[in-house]
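S.K.: Can you read through this structure? Questions will come right after.
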Amino acid sequence: MIARLHFNKHLLETPFYPRTAPLNKHSEWGAWSGHLSATGFGDTEMEYTAIRNGASVYDLCPMVKYRITGPDAVAYLDRLTVRNVAKLTPGGVHYTVWCDDAGKVLDDGTLFRHGPQDFLLCCQERHLPWLTDATLGFEVAVEEITETIAALSLQGPCTASVLSAAGWDVSSLRPFRMTKVPFDGTTLTISRTGFTGDLGYELWIGPAHALALWDHLFTAGAPWGIRPIGSDALNMARIEAGFLIAGMDFIPAEQALREDRVRSPFELGLDWLIDWNKDHFNGRRALIRERESRASQWSLVGLDIAGNVSAEGSLIYHAKQKEVGYITAALWSPTTKRNLAIAHLKRPYAAAKSDNLWVEIYALRELQYVKLMVPARITPRPFFTPARRRATPPGRF
Amino acid sequence: MTCDALIIGAGHNGLVTACYLARAGMKVTVAEKNDWIGGAAVSRELYPGFTYSNCSYVCSLFRPEIMRDLELPRYGLQILPYEGGVVFMENGDYLGMFRDHDANRREFARHSPRDAEAYDRYSRDIMRHCRFIRPLLMRTPPDPSSFKPRDLSELAYLGRKAMELSEVQISDMIRFWTMSISDFLDGYFESPVIKAYLAVSAIIGTALGPMSPGSAYVLLHHYMGDVDGNVGAWGFARGGMGAITQALKASLEASGGTIKAGHGVEKVLVRNGRAVGVELDNGETLHATRVISNMDVRRTFLKHVAADELPSDFVRQVKRFKTRGSSGKLNIALDAAPKFTALPEGAPNLRGDLHFTDTVERMERAYDDWKSGHFTRDPFQDVMIPTMIDPTMTPPGKHFMSCFVQYAPPRIEGRDWTDADRDAFGQACVNQINRFAPGFKDLILHMEVRTPRELEAEVGLTEGNIFQGELTFDQLLFNRPVPGYAQYRSPIKALWMCGSSTHPGGGVMGAPGRNAAAEILRDARMGIDMSDAYAVL
């Protein structure tokens with residue numbers, strides 16, 4: 001029940017706020033799905049370093065979460081999303097997308113299977129009408145439960161060590177699997193998932209136990225320099241990992257004003273998720289048409305750009321003349337020492353004609369922008385994929 | 001003495017036309033029947049120390065391109081966005097609207113979690129329709145029966161715009177233009193009060209109910225404006241709606257134009273099929289190279305132009321042009337801010353539109369009363385207290401309240417309104433507010449009640465229709481006001497139209513006045529810099 005006086009606070013504090021607020025030295029907060037979310041804690045570079053060197057903690061609470069339960073949950077999710085949900089065993093997690101009838105991507109997200117008939121769908125955007133309308137004919141219930149779960153993302157090469165020090169042995173936990181452990185009189189769910197492309201875990205618990213979890217984790221993690229991070233540092237890591245964010249790297253189909261802004265899974269490089277052999281799923285017919293008539297207009301690619309000036313928001317040209325694409329995310333990557341970007345390119349400039357690509361960058365040099373035209377080449381994503389990400393059992397660091 | 005352009009009526013459109021023509025170098029005179037100027041965009045002191053926006057009361061549609069071209073900010077125009085809005089419900093609860101996206105979502109979720117997450121797609125779809133229609137506001141509609149290169153190229157422009165749409169969007173658009181707002185909202189929402197709030201824009205000023213086909217388009221008309229790029233947002237003109245026409249007056253006078261207020265035009269003088277001036281109600285004659293009427297099309301041609309000067313087919317169509325009035329207005333000076341029991345202390349919603357009708361069905365029942373020739377006892381009101389934001393209109397702590405009321409028919413069971421009818425109408429509205437804000441009645445220092453009768457007599461709006469003609473699809477674009485005369489010209493040479501009876505219609509938009517000026521200047525082979533329509537997002 002939402003209180004009538006909710007309007008006195010537009011952005012809610014998450015259950016971890018009593019801990020994160022005093023640590024946020026610059027009071028750097030942004031809005032994420034109606035919540036206060038730290039963009040940084042005062043030193044983005046050190047926060048980023050914690051992700052790649054030790055152990056970092058990111059407050060995931062605002063992520064939109066839908067619980068899907070019922071005897072037809074698998075059939076429903078198979079109809080809704082492009083991936084094969086039947087293959088996702090209880091205790092498993094997979095990344096997936098779902099499309100509208102025209103085969104355009106509505107959102108991406110992670111699907112957690114807690115039980116035979118019990119799923120949690122985590123995503124960036126809100127979809128309750130779409131998700132409930134899609135239940136027609138299925139014995140299934142969909143509930144938005146964002147605020148009933150507190151979640152932390154624990155990421156970095158030492159995170160298995162931190163969890164071990166906290167008393168939770170996750171050495172046998174493989175990527176995209178979950179385990180449940182008792183904690184603080186309740187159950188803590190630990191999933192080996194994350195948004196950094198590194199070794200990492202996500203921890204899920206009832207909001208009442210959030211602070212106990214935080215304290216326990218920070219005590220256990222102290223030897224590894226555990227520190228909270230904001231979304232700026234996380235964004236650096238996720239670009240290196242080549243992950244997409246709805247609303248930043250693509251416009252969700254239900255939000256696009258311009259009809260040419262929507263993208264199919266093919267156009268986002270996500271067609272590998274599609275299970276063509278399962279029964280009908282939403283957008284399937286349109287996607288088959290697109291595949292057979294080679295109607296895809298765009299490609300989503302990784303770019304390696306000359307020089308060291310980050311190319312955020314830049315336009316891409318062929319032979320310095322013809323505009324053929326645009327960049328949605330970019331950074332000078334500290335870990336790979338490359339100037340990286342995620343870009344949308346018109347076909348065929350992502351393949352047959354990809355040899356002569358140039359990026360127009362406005363470089364800020366002492367209050368004055370200087371226009372650069374620098375060469376770029378397509379490079380595989382993820383840009384950074386260390387062995388420790390998948391190693392089971394994970395290393396100590 | 002002959003002027004280059006004589007404009008009948010100092011409403012906002014007449015003044016917009018006057019300003020553009022004066023800036024292009026024409027000698028311009030505006031004749032106004034009232035002692036004051038402004039038409040329906042007017043601020044008046046009807047109670048000492050209180051400024052009333054006693055006709056139109058909010059601003060969104062007035063085109064920023066015009067404000068900029070005519071330097072209206074320099075002449076004092078300031079638009080203030082307003083905050084929030086609320087529907088008071090019969091069960092004691094309320095639905096608030098909030099400018100903050102998350103606050104608004106949570107408020108919707110109080111009434112329906114599903115609707116809370118449906119609002120974004122609804123807004124997106126409305127915005128898509130806006131993006132198609134809005135660029136047409138600032139263009140002269142093509143004559144589809146003409147082979148003139150200009151008409152053909154304008155038709156081709158429309159065709160190209162339509163071709164850019166997918167099949168899905170074309171069918172969405174045709175449905176949207178023709179369906180009722182009630183049906184449209186049912187496609188997105190389940191909560192009755194959310195639908196009731198959103199249906200409002202579709203019935204304001206319109207002799208349609210929320211269940212009448214065609215009402216969805218009227219909603220779009222009200223969403224096409226913006227406050228500084230915030231599309232669909234509404235605001236107040238600082239100092240009341242008269243601030244718009246006062247700024248236009250100052251801009252006009254700075255370019256050498258003059259306004260003659262106090263005497264109405266009795267008739268348009270026509271010689272050899274050409275307008276040559278006007279005769280005022282005091283017998284004075286004003287000669288002009290061209291006459292431009294800001295009066296509605298029925299008033300202009302049925303009352304002020306000799307019928308024998310007009311083609312009978314044109315007269316027949318003008319007579320059939322629908323100007324059915326549907327609304328009335330209460331303007332109230334308040335001793336203090338009313339206290340609405342349902343609303344928590346500190347809620348920002350009083351700084352927006354206040355409604356008391358919590359279902360679409362109740363709105364439709366009120367429309368039923370209109371159809372049978374009665375004003376309704378359960379009125380739908382769009383109430384504003386601009387002084388919650390604008391400090392210039394009343395002494396501190398006092399307030400001006402504007403109540404726009406539907407439905408009020410132009411005539412009561414076929415007879416004219418009487419003063420007793422008017423007072424009973426006003427009382428029904430006050431009683432409704434008092435139910436949600438006990439003690440409200442005691443705060444009233446002065447009240448003006450306007451029915452369609454008063455709107456016609458004073459502002460000159462035939463049958464009290466606030467849009468100078470209904471915004472139904474049969475009366476839009478190249479059919480507004482009548483087919484063959486949608487390009488601001490009339491059957492009489494040198495007699496032009498610039499009011500809201502012409503494309504794109506009413507709502508204190510200024511676009512008809514601006515488009516008419518563009519046509520007049522083109523005809524006179526005079527150039528002037530006019531901003532093209534700004535993009536929508």
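S.K.: Roughly how many whole Å is it from the C-alpha centroid of the stretch B:62-90 to that of the stretch A:175-241?
M.R.: 49
S.K.: List the lysines whose Cα lies under 21 Å from the Cα of A:Lys278, skipping any in the same chain that are fewer than 8 positions away.
M.R.: Once the sequence-local lysines are set aside, what remains near A:Lys278 is A:Lys87, A:Lys104.
S.K.: For the stretch A:259-379, just the Cα set please: Rg and Dmax, both in angstrom.
M.R.: So, for the stretch A:259-379, Rg and Dmax equal 16.6, 58 Å respectively.
S.K.: I'd like the FRET efficiency for A:Arg390 and A:Lys337, computed as 1/(1 + (r/R0)^6) with the beta carbon distance as r and R0 of 35 Å, rounded to 0.05.
M.R.: Working: r = 23 Å, r/R0 = 0.65.
After rounding to 0.05, the efficiency reads 0.95.
S.K.: How fast does the stretch A:3-47 diffuse by Stokes-Einstein, in µm²/s, taking the Kirkwood radius from C-alpha pairs at 4 °C and 1.567 mPa s?
M.R.: 114
S.K.: Shape call for the stretch A:180-226 from the C-alpha gyration tensor, a ≥ b ≥ c root eigenvalues: rounded (a/c under 1.5), prolate (a/b greater than b/c) or oblate? Present the calculation step by step, with values, prior to reporting the outcome.
M.R.: Details: a/c = 2.23, a/b = 1.24, b/c = 1.79.
It comes out oblate by the Cα gyration axes.
S.K.: Taking just the alpha carbons, could you work out the radius of gyration and Dmax for the stretch A:1-95, both in angstroms?
M.R.: Here Rg and the maximum Cα pair distance are 18.4, 49 Å.
S.K.: Restricting things to alpha carbons, find the Rg to Rh ratio for the stretch A:130-282 using the Kirkwood radius for Rh.
M.R.: Radius of gyration over Kirkwood radius for the stretch A:130-282 works out to 1.02.
S.K.: On to the next question. At q = 0.12, 0.22, 0.24, 0.27 Å⁻¹, what log₁₀ I(q)/I(0) does a Debye calculation on the Cα points of the stretch A:72-156 give, no solvent, two decimals?
M.R.: Evaluating at q = 0.12, 0.22, 0.24, 0.27 Å⁻¹ gives log10 I(q)/I(0) of -0.35, -1.22, -1.44, -1.73.
S.K.: Sticking with this structure for a sec: Within the stretch A:215-262, report the trypsin sites (Lys or Arg not before Pro) that DSSP leaves as loop and that have at most 14 other Cβ atoms within 10 Å.
M.R.: Hits after loop and neighbour filter: A:Arg258.
S.K.: Semi-axes of the equivalent ellipsoid of the stretch B:1-95: what are they in whole Å, largest first, if each equals the square root of 5 times a C-alpha gyration tensor eigenvalue? Numbers along the way, then the final one.
M.R.: Details: eigenvalues 237, 61, 27 Å².
Semi-axes, largest first: 34, 17, 12 Å.
S.K.: Give me the summed buried accessible area for the B-A pair, 1.4 Å probe, to the nearest 100 Å².
M.R.: Roughly 2500 Å² of accessible surface disappears when B and A pair.
S.K.: Give the calculated FRET efficiency between B:Ile170 and A:Phe397 to the nearest 0.05, with a Förster radius of 51 Å applied to their Cβ-Cβ distance.
M.R.: 0.30
S.K.: To check you understand DSSP bridge types, tell me what percent of the beta bridges within chain B (both residues inside) are antiparallel, rounded to 5.
M.R.: Values: 44 of 65 bridges.
Taking every DSSP beta bridge with both residues in chain B, the antiparallel ones total about 70 percent.
S.K.: Run the numbers on the stretch B:9-58 and let me know its relative contact order in percent, using alpha-carbon pairs under 8 Å that are six or more apart.
M.R.: So the answer I get is 34 percent.
S.K.: Which of A:Leu372, A:Pro348, A:Asn308 sits farthest toward the positive end of the charge dipole of the stretch A:259-379, with +1 on the Cβ of Lys and Arg and -1 on the Cβ of Asp and Glu?
M.R.: Most positive-ward Cα: A:Pro348.
S.K.: Rounded to the nearest 5, what % of the DSSP beta bridges within chain A are antiparallel ones?
M.R.: In chain A, DSSP labels about 95 percent of beta bridges as antiparallel.
S.K.: How far is helix B:101-111 tilted off the main Cα axis of chain B, in degrees rounded to 10, range 0 to 90?
M.R.: 60
S.K.: Please give the length that would be gained between B:Glu345 and B:Ala535 if that part of the chain were fully extended, namely 0.36 nm times their separation in residues minus their C-alpha to C-alpha distance (nm, one decimal).
M.R.: Between B:Glu345 and B:Ala535, full extension yields an extra 64.5 nm.
S.K.: If the label point is 7 Å along Cα→Cβ of B:Ala424, which residues in the stretch B:366-404 have backbone nitrogen under 15 Å from it?
M.R.: B:369-370, B:372-379
S.K.: If you don't mind, another one. Identify the GluC sites (Glu not before Pro) of the stretch A:293-397 meeting these criteria: DSSP loop state and at most 12 other C-beta atoms within 10 Å of the C-beta.
M.R.: On the way: sites: A:Glu312, A:Glu323, A:Glu360, A:Glu366; in loops: A:Glu312, A:Glu366.
Here the GluC sites (Glu not before Pro) that fit, given the DSSP loop and packing criteria, are A:Glu366.
S.K.: Restricted to Cα positions, what overall size does chain A have along the principal axes? Three whole-Å values, descending.
M.R.: Its Cα atoms span 64, 56, 49 Å along the three principal axes.
S.K.: At 7 Å along the Cα-to-beta-carbon direction for both A:Gln321 and A:Ala363, put a label point, then send me their distance in nm to one decimal.
M.R.: Here the modelled spin labels are 2.6 nm apart.
S.K.: Same structure again: Using a Gaussian network model of chain A with C-alpha springs under 10 Å, which one of A:Thr69, A:Thr335, A:Thr39 is most mobile by mean-square fluctuation?
M.R.: A:Thr335
S.K.: Test of the criteria: in the stretch A:13-92, which trypsin sites (Lys or Arg not before Pro) are in a DSSP loop and have at most 10 other Cβ atoms within 10 angstrom of their Cβ?
M.R.: On the way: sites: A:Arg19, A:Lys25, A:Arg52, A:Lys65, A:Arg67, A:Arg79, A:Arg83, A:Lys87; in loops: A:Lys25, A:Arg83, A:Lys87.
Passing sites in the stretch A:13-92 are A:Lys25.
S.K.: Bin all alpha-carbon pair distances of chain B at 10 Å intervals from 0 and give each bin's fraction as a whole percent.
M.R.: Percent of Cα pairs in each bin: 4, 19, 30, 27, 15, 4, 0.
S.K.: Could you work out the mean count of beta carbons from other protein chains within 10 Å of each residue's beta carbon in A:257-269?
M.R.: Going residue by residue through A:257-269 and averaging, the value is 2.
S.K.: Here's a follow-up. Quick check on packing: order A:240-246, B:333-339 by the mean number of other C-beta atoms within 10 Å, highest mean leading.
M.R.: Top to bottom by mean Cβ count within 10 Å: A:240-246, B:333-339.
S.K.: In whole angstrom, note down how far apart the Cα centers of the stretch B:233-294 and the stretch B:343-410 are.
M.R.: 32
S.K.: Please grab the % of Cα pairs in the protein assembly as shown that end up more than 49 Å from each other. Present the calculation step by step, with values, prior to reporting the outcome.
M.R.: Values: 145394 of 435711 pairs.
That tail contains 33 percent of the Cα-Cα pairs.
S.K.: Further question: In whole Å and largest first, what semi-axes does the C-alpha gyration tensor of the stretch B:265-373 yield when each eigenvalue is scaled by 5 and square-rooted?
M.R.: Equivalent ellipsoid semi-axes, largest first: 46, 21, 11 Å.
S.K.: When the distances between all Cα atoms of the stretch B:51-208 are binned every 10 Å from zero, what whole-number percent does each bin get?
M.R.: 8, 26, 31, 24, 9, 1, 0
S.K.: Semi-axes of the equivalent ellipsoid for the stretch A:116-215, please: Cα gyration tensor eigenvalues, times 5, square-rooted, ordered largest first, whole Å.
M.R.: Each semi-axis is the square root of five times an eigenvalue, giving 28, 16, 13 Å.
S.K.: Per residue, what volume in Å³ does the Cα convex hull of the stretch B:178-251 take up?
M.R.: 126
S.K.: Now for a separate question. Per residue of B:479-488, what is the mean number of Cβ atoms on other protein chains within 10 angstrom of that residue's Cβ?
M.R.: Neighbouring Cβ atoms belonging to other protein chains average 0 per residue here.
S.K.: To the nearest 20 Debye, how big is the dipole of the protein assembly as shown about its Cα centre, given +1 on the beta carbon of each Lys and Arg and -1 on that of each Asp and Glu?
M.R.: Result for the protein assembly as shown is approximately 2200 debye, rounded to the nearest 20.
S.K.: For the stretch B:487-526, go through all pairs of different Cα atoms, get the mean of 1/r, take its inverse, and jot down that Kirkwood value in Å. Walk me through the numbers before you get to the answer.
M.R.: Values: mean 1/r = 0.0977 Å⁻¹.
Evaluated on the stretch B:487-526, it is 10.2 Å.
S.K.: Continuing with this model, one more query. Roughly what percent of Cα-Cα pairs across the stretch B:409-472 reach past 16 Å? Walk me through the numbers on the way to the answer.
M.R.: On the way: 1115 of 2016 pairs.
For the stretch B:409-472, the fraction of Cα-Cα distances above 16 Å is 55 percent.
S.K.: Could you give the length gained on full extension between B:Asp35 and B:Lys493, defined as 0.36 nm per residue of separation minus the Cα-Cα distance, in nm? Before the final figure, lay out the partial values.
M.R.: Values: separation 458, 0.36 × 458 = 164.88 nm, distance 2.97 nm.
Taking B:Asp35 through B:Lys493 to full extension adds about 161.9 nm, to one decimal.
S.K.: Over all residues in B:105-118, what is the mean tally of Cβ atoms on other chains that come within 10 Å of each residue's Cβ?
M.R.: Numbers: counts 5, 8, 4, 1, 4, 5, 1, 1, 6, 7, 2, 5, 10, 7.
The mean count of partner-chain Cβ atoms within 10 Å per residue comes to 5.
S.K.: Leaving ligands, DNA and RNA out of it, report the carbon-plus-sulfur percent of the accessible area of the stretch A:259-379 at a 1.4 Å probe. Don't jump to the answer; show the numbers that get you there.
M.R.: Working: 3000 of 6330 Å².
Answer for the stretch A:259-379 is 47 percent, counting heavy atoms of protein chains only.
S.K.: Calculate how many DSSP beta bridges within the protein assembly as shown are antiparallel, expressed in % of all such bridges and rounded to the nearest 5.
M.R.: 85
The values are calculated or read from the model by the stated rules, or taken from the named source; none is laboratory data. Since the structure is predicted, the reported quantities are computational estimates derived from the model, not experimental observations. Cβ sites come from the backbone with ideal geometry, for glycine too, and all protein chains shown count toward neighbours. Heavy atoms of the whole protein, side chains included, go into the accessibility calculation; ligands, DNA and RNA do not. Shrake-Rupley method; radii C 1.70, N 1.55, O 1.52, S 1.80 Å.
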